[in-house]
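Worksheet for the structure shown next.
Just so it is clear, none of the values below were taken in a lab; they were calculated from the coordinates. Treat the numbers as computed from the prediction; the structure is a model and nothing was measured. All Cβ positions, even for glycine, are placed from backbone atoms using ideal geometry, and neighbour counts span all protein chains on display.
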C-alpha cells in the first residue's frame, strides 16, 4: 500500500523541536526558495540561444540550480535566513508572551515559504 508523502522534514517534522528551531528551518527554506527564484531569473536573462541546448539540458540546469540554491541556503550564503530569524524571534519566544504567538509566527513564515515556492514553480513554467 502506498503511504502518504511527508512534506516536512528536519525540525519541522520533529514534534519535540522548539519554536525557534522550527523558525530557523523555515527561514532556511525561504532563503532556498528565494535563491532558486533569483538563479532562475538570471538563467532567463541569457543573451543568446544555446547552440547545443535542448529541453533535457534545460531540465538538468533547473535541477542543478535548485541544488545550488539549497546548498547556498544551508550555508547561509546571503544571510536572509538569519535576518528572518532576527525579525521573527521576538514573536516566537517573547519574554512574557504565549506559545500561541510563537506558533503563529512560525506558521506565517512557513506560509510565506510555501507561497514563494509555488510562485517560483509557476514562474518556471
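Within 10 Å, count the other beta carbons around each residue, average over each peptide in 85-91, 41-47, and list them highest first.
85-91, 41-47
Fewest first, what order do 34, 60 take by the number of other Cβ atoms within 10 Å?
Going from sparsest to densest Cβ surroundings: 60, 34.
Which order results if 31, 62 are arranged by neighbouring Cβ count within 10 Å, fewest first?
Fewest-to-most Cβ neighbours within 10 Å comes out as 62, 31.
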